[in-house]
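Notes to accompany the following structure.
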């Protein structure tokens with residue numbers, strides 16, 4: 001590192017620089033039908049150098065990677081080449097984050113364990129979930145990741161954070177006299193509790209049994225639709241991405257400050273706040289790749305856009321305060337009690353191929369792999385149907401649950417009731 | 001244009017390390033990757049020359065004791081080789097309970113072969129300032145092409161691959177290039193904002209540069225269509241797919257389902273249909289890194305197996321799937337050269353490369369004329385596989401209504417196709433006599449492990465649910 005800094009400082013054409021270092025150590029287990037097929041260990045360190053050159057009232061930048069094998073002479077050459085590239089770039093000037101130092105650990109109990117021991121414990125937690133006759137886990141992949149991230153810049157900023165995450169990809173399958181069925185589960189977490197992991201997988205195994213029993217309805221379904229937190233995450237990230245500084249600066253945003261994301265709402269009014277960290281979320285981070293500390297900002301209040309958010313450069317271009325690249329999104333809980341989700345005929349979506357949300361075309365829809373049809377008295381698992389509708393219409397009277405949950409970078413209502421969706 | 005000096009400098013270390021590791025393992029191989037990618041991007045207000053996200057330089061060591069596969073990814077293999085071999089071996093000293101549950105039957109083959117492969121490209125004939133000028137010129141032409149364009153982006157991305165594979169009996173190296181030239185317009189003619197993109201792809205920069213200006217009119221037409229497009233009334237329709245949507249069907253509807261690691265896991269319904277009709281008898285489908293030259297092409301895969309050209313469906317009958325070394329070993333079949341990694345830091349899986357339906361004998365105009373009421377669908381947005389249960393979800397950018405055998409001025413967008421894969425494939429009633437492969441795609445397995453792929457084919461006439 002000292003060599004890179006020395007060479008950057010020696011090159012008089014370099015106005016500023018930034019160095020990002022990401023060391024990733026992993027332990028990975030791959031199971032087929034409950035038997036271990038592959039064990040992987042990785043230990044990689046990536047060093048990316050960004051060179052900034054101020055020229056002719058513009059600011060240019062260029063990047064290069066430094067590997068353990070890169071020699072001092074090669075680094076000097078890479079710096080000179082980066083200077084040449086940066087001189088070709090005529091961007092509006094902006095400043096780098098000022099001197100700030102810190103060493104952080106994003107809270108996680110993973111630090112209490114050796115990676116191989118934790119992988120083994122998670123493996124036990126996953127496989128002990130399978131108590132349903134006929135159900136199995138045909139494929140399980142377990143990833144334990146430790147990230148050590150450092151940002152330096154030439155203005156004296158120097159921050160380091162350690163964070164952990166784990167991912168379990170499991171394929172619960174149900175076999176019986178009929179054609180067997182499966183579901184897809186990708187479960188991300190940053191705190192290990194055996195019971196929670198087991199419960200998550202057990203829930204999916206129960207769902208796959210219901211998919212096996214599910215029918216493709218031969219009767220028309222004309223009812224409200226209930227989305228769960230995974231699909232709500234997709235919906236609300238689409239809305240939040242539209243309000244990122246880079247979207248606004250590139251004119252690709254649909255909504256501006258002062259606009260309402262719901263037209264004449266008669267359901268719950270939507271509130272969105274962006275955060276740097278949410279406890280338990282794998283997207284939690286203390287700072288972004290520029291080294292900006294990540295806090296929070298209210299984005300949408302009572303359905304009204306009140307702020308944008310985003311990284312250093314585009315924030316300055318828009319004369320806004322850079323918030324940093326906030327990667328966690330929180331949605332205000334709504335008014336709907338649990339009983340509201342099954343009090344009248346509803347189609348509760350459990351698993352989709354992937355919710356399609358298109359703000360530009362005012363579309364929301366997709367293919368359903370498993371849903372529960374609540375007719376008010378009974379619950380019937382259904383499959384083989386799709387939903388489709390106008391996003392504007394859906395948002396107008398969306399009702400959000402009082403209870404909240406976390407899915408990756410989303411923290412918000414566990415469920416929502418949607419109207420005006422065609423089920424076909 | 002030449003193979004990575006860095007990998008060449010590690011060739012003898014790799015051989016020595018394989019030799020050391022073979023003392024403790026039945027199989028040992030090393031894949032070295034040196035991938036340089038670069039993106040030059042301009043829009044109305046900003047310019048960037050950046051290191052592409054595919055850039056990487058590192059090694060992955062693959063080992064087997066016949067019971068388990070072990071992989072170790074690291075940045076470099078130089079230095080004290082016996083010490084490194086011991087570090088790697090020690091990394092796999094794990095708790096006995098884990099090791100006792102090994103799958104077995106993993107006697108990986110290592111047939112002798114020494115060969116170098118090169119696919120020439122003119123990439124290095126062009127300097128950054130020339131390519132930047134090309135992007136700026138195209139951006140300005142696009143901005144000036146319509147008063148309704150709020151922003152225009154022109155992007156050239158290059159991807160230069162050097163890979164070295166060393167095992168006890170094999171020494172392979174390859175070098176090739178792939179280049180994308182893309183343009184995007186943000187367009188607002190009415191209250192409706194639309195974003196449209198298109199691209200040209202190939203391994204010669206000269207062709208990319210000459211192809212980009214033609215994208216401008218295509219983008220304007222597409223923007224006009226999307227501005228006027230309305231939602232489709234959900235239902236089942238006769239549909240003509242353009243080559244892009246044909247490729248999406250080949251890829252999502254069937255391609256993922258014949259990745260043979262899914263056969264090992266009993267995750268693919270296709271396993272039960274080998275030798276049976278799965279599609280209309282006029283239907284033929286292939287996949288292979290050696291089938292065509294496109295984004296999914298290479299000379300050998302990440303397991304050191306030579307690239308293949310696999311006939312998956314012949315005359316409507318499922319012939320075989322595509323495999324990596326591990327799945328082929330477990331299934332006692334020959335690997336098809338489809339073992340691919342997102343990077344040297346990730347595991348290899350059986351993956352698609354260039355996947356397509358073969359062309360037929362029908363004229364596109366006859367296919368359109370055969371439809372009383374339906375749609376012609378254009379351009380891939382995204383798709384999702386379901387190999388076990390053969391559900392399909394494919395999203396097209398837009399469609400044009402067909403009425404009384406003619407294309408109309410009525411447009412729909414977005415268009416989500418869904419249904420049951422065999423129903424869709426068996427409904428193919430006409431196949432056009434033309435053929436286009438689109439070489440810009442990225443494909444994930446589940447929601448991860450992204451690799452470059454292409455897909456395409458002719459136009460198909462199918463019956464499918466739209467919504």
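The values are calculated or read from the model by the stated rules, or taken from the named source; none is laboratory data. The structure presented is a predicted model; accordingly, all values stated were derived computationally and were not measured. Here the Cβ positions follow ideal geometry from the backbone for every residue, glycine too, while neighbour counts run over all protein chains shown.
Only a single criterion out of (1) within 30 Å of residue A:178 (Cα to Cα); (2) buried (at least 23 other Cβ atoms within 10 Å of the Cβ); (3) more than 9 Å from chain A (Cβ to nearest Cβ) is not satisfied by residue B:380, namely (1).
The range A:76-192 holds strands (runs of 3 or more DSSP E) entirely within its bounds, and those carrying 3 or more residues that are at pLDDT 95 or above, within 22 Å of residue B:268 (Cβ to Cβ) and in contact with a strand residue (DSSP E or B) (Cβ under 7 Å, 6 or more places away or on another chain) map to A:135-153, A:158-174. For the range B:324-336, which positions are within 14 Å of chain A (Cβ to nearest Cβ) and touching a helix residue (DSSP H, G or I) at 6+ places or on another chain (Cβ under 8 Å)? Within the range B:324-336, B:324, B:326, B:327, B:330, B:331 meet the criteria. Per the listing A:234, A:169, A:191, the residue uniquely surrounded by fewer than 22 Cβ atoms within 10 Å (Cβ to Cβ) and assigned by TED's automatic domain parsing to the domain that holds residue A:347 is A:234. If you go through the range A:40-54 and pick out every residue that is surrounded by fewer than 20 Cβ atoms within 10 Å (Cβ to Cβ) and more than 26 Å from the chain's Cα centre (by Cα), you end up with 1. Restricting attention to the range A:90-101, the residues that are closer than 24 Å to residue A:157 by Cα and surrounded by 14 or more Cβ atoms within 10 Å (Cβ to Cβ) add up to 5. Only one of the numbered conditions (1) within 21 Å of residue A:43 (Cα to Cα); (2) in contact with a strand residue (DSSP E or B) (Cβ under 7 Å, 6 or more places away or on another chain) is not met by residue B:49, and that is (1). Number of residues in the range B:79-100 that are crowded, with 17+ Cβ neighbours inside 10 Å and either more than 9 Å from every other protein chain (Cβ to nearest Cβ) or farther than 15 Å from residue A:41 by Cα (or both): the value is 4.
Residue-by-condition table, conditions (1) modelled with pLDDT of 95 or more; (2) part of a strand (DSSP E or B):
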{"position": "B:33", "(1), (2)": "yes, yes"}
{"position": "B:45", "(1), (2)": "no, no"}
{"position": "B:54", "(1), (2)": "no, no"}
{"position": "B:61", "(1), (2)": "yes, yes"}
{"position": "B:70", "(1), (2)": "yes, yes"}
{"position": "B:83", "(1), (2)": "yes, no"}
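Would you confirm, using the coordinates I've provided, whether residue A:127 is surrounded by 20 or more Cβ atoms within 10 Å (Cβ to Cβ), touching a residue at least 24 places away in the same chain (Cβ under 8 Å) and on the phi < 0 side of the Ramachandran plot? So residue A:127 does not fit the description; no. Whether any residue in the range B:361-376 is touching a helix residue (DSSP H, G or I) at 6+ places or on another chain (Cβ under 6 Å) and crowded, with 23+ Cβ neighbours inside 10 Å is what I want to check. Within the range B:361-376, none of the residues are touching a helix residue (DSSP H, G or I) at 6+ places or on another chain (Cβ under 6 Å) and crowded, with 23+ Cβ neighbours inside 10 Å.
One residue is enough: does the range B:144-165 have a residue meeting the conditions at pLDDT 95 or above and part of a helix (DSSP H, G or I)? Yes: the range B:144-165 contains one or more residues that are at pLDDT 95 or above and part of a helix (DSSP H, G or I). Taken over the range A:62-75, the criterion of being more than 8 Å from every other protein chain (Cβ to nearest Cβ), surrounded by 15 or more Cβ atoms within 10 Å (Cβ to Cβ) and not in a helix (DSSP H, G or I) is satisfied by A:66, A:70. When residue A:334 is tested against (1) in contact (Cβ under 8 Å) with a residue 24 or more places away in the chain; (2) part of a strand (DSSP E or B), just one condition goes unmet, and that condition is (2).
Of all residues in the range A:354-389, those satisfying the criterion of being assigned to a strand (DSSP E or B) and facing chain B (nearest Cβ under 7 Å) are A:356, A:358, A:363, A:365, A:366, A:367, A:369, A:386, A:388. Evaluation of residue B:203 against the conditions (1) crowded, with 21+ Cβ neighbours inside 10 Å; (2) under 26 Å from the mean Cα position of the chain (by Cα); (3) more than 24 Å from residue B:340 (Cα to Cα) shows that the sole unmet condition is (3). Only a single item in (1) in contact with a strand residue (DSSP E or B) (Cβ under 6 Å, 6 or more places away or on another chain); (2) part of a loop (DSSP other than H, G, I, E, B); (3) surrounded by fewer than 17 Cβ atoms within 10 Å (Cβ to Cβ) is not met by residue A:266, and it is number (1). The residues on offer are B:163, B:62, and the sole one that is closer than 30 Å to residue A:35 by Cα and in contact (Cβ under 8 Å) with a residue 12 or more places away in the chain is B:62.
Kindly indicate whether residue A:299 is buried (at least 22 other Cβ atoms within 10 Å of the Cβ) and assigned to a strand (DSSP E or B). Criteria met by residue A:299.
If you filter the range A:313-353 down to residues that are more than 23 Å from the chain's Cα centre (by Cα) and over 24 Å from residue A:224 (Cα atoms), you find that the one that is farthest from the other protein chains (Cβ to nearest Cβ) is A:321.
Taking the range B:387-421 as the search range and keeping residues that are in contact (Cβ under 8 Å) with a residue 40 or more places away in the chain and not in a strand (DSSP E or B), which one is farthest from the other protein chains (Cβ to nearest Cβ)? Step by step, filter the range B:387-421, then rank; the result is B:421. Restricting attention to the range B:88-105, the residues being farther than 18 Å from residue A:138 by Cα and either at pLDDT 85 or above or outside the structural domain of residue B:21 (by TED's automatic domain parsing) (or both) number 6. Given the structure, is residue B:119 at pLDDT 95 or above and away from chain A (no Cβ under 13 Å)? When the stated conditions are applied, residue B:119 passes them. In the range B:165-188 there is at least one residue matching the filter, namely being surrounded by fewer than 21 Cβ atoms within 10 Å (Cβ to Cβ) and within 14 Å of chain A (Cβ to nearest Cβ).
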